[in-house]
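For reference, the structure discussed in these notes is given below.
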Amino acid sequence: MAARAISSATISFGLVSIPVKLYTTTESSGQISFNMLHQCGTRVKQQYWCPTDDKVVPRDEIVKGYEFAKGKYVTFTNEEIKALEEEASQLIEIREFLPLAQVDPLHFERAYYLGPDKGGDKPYTLLSKAMEKTGRCAIASWAARGKQYLVLVRPFQGGLILEQLHYADELRSFSDVERSETKVSDAELALAEKLIEQIAVDEFEPQKYEDAVKKRLAQVIAQKVEGQEVTFVEATEPQGKIIDLMEALRASLEDSGGAAAARKGPKRAAGATKGKKKTAARR
């Protein structure tokens, strides 16, 4: 089934304009979500409550406000907010080209596939191939949905992909995080390197991994839909911690099943097992 574009835009740099279409990179249909229900089985509705007037507030009485001090707000009308928003030109204006390795993944927020729109096939392909050959990506600004976004455009499997980026002031500095100044010995470092090499691979194969929690949820949902009683196997108690670092590293290296366990994670099967204590599902 062909993907459906969610929006259109134009990549611009110099005198070159490339009409493109945007596509989501993720499948929302694969997610499992829950609705809030009353005990009678009816889906509940959300309401806004004013504790001062002690009443439910209808939407036409709600205004937006910014808290500049504790309990103090400046308010804005919808017209004022709309006037401050960026005009949605859908223009992806390239500012500079640089090596992709220079952009830390910490800045990445979400991604969109880019496909050529009508009349954009040749310049689209040319930009993709040129960036791939030079090993560079593009940093651009993108005006859409009333906001100004910082984005990165890079070559991807013979085409282009757009990465929405966090601005610098949106990221917390790592210097705010408390870190240890503990030193490690050469022997400890050598053992750690051996452990890394033991389960090292050269390529990332995401198809080898699956969301175990989503799989368990889907299984239990299917059982409940069929009217089956669901019981849960109690999780095993975690093993005692090995305090000595060298002992832990050696034990990890000697564990022949270590690589498989690291990839699969702990097992907690959900099913119709009898004789086990019934527990609430973990959140």
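The values are calculated or read from the model by the stated rules, or taken from the named source; none is laboratory data. This structure is a prediction, so every number in the text was calculated from the model and none was measured. Here the Cβ is made from the backbone with ideal geometry for all residues, glycine too, and neighbour counts use every protein chain on show. Please note that ligands, DNA and RNA were not included when accessible areas were found on the heavy atoms of the full protein model with its side chains. Shrake-Rupley method; radii C 1.70, N 1.55, O 1.52, S 1.80 Å.
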Three-way shape call for the range 163-239 based on the alpha-carbon gyration tensor, with the a/c threshold at 1.5: prolate
Gyration tensor (alpha-carbon) shape descriptor, the range 1-65, a/c threshold 1.5: oblate
Karplus (6.51, -1.76, 1.60) ³J(HN,Hα), θ = phi - 60°, over the range 6-19, in Hz, Gly and Pro reported as x: 9, 6, 10, 7, 9, 7, 10, 7, x, 9, 8, 10, 10, x
Beta bridge orientation in the range 51-203: antiparallel %, DSSP, nearest 5: 100
Dimensions in Å of the range 45-148 - Rg and Dmax from alpha carbons: 21.9, 65
Proximal aspartates and glutamates to Lys122, defined as alpha-carbon separation beneath 17 angstrom and excluding residues fewer than eight positions away on the same chain: Glu132
Solvent-accessible heavy-atom area per residue, rounded to whole Å², over the range 105-195 at 1.4 Å: 65
Amide proton proximity set for Val233, modelled H, under 5 Å, gap of 5+: Gly271
Dipole magnitude of the range 92-181, debye to nearest 20 (Cβ charges: Lys/Arg +1, Asp/Glu -1, about Cα centre): 500
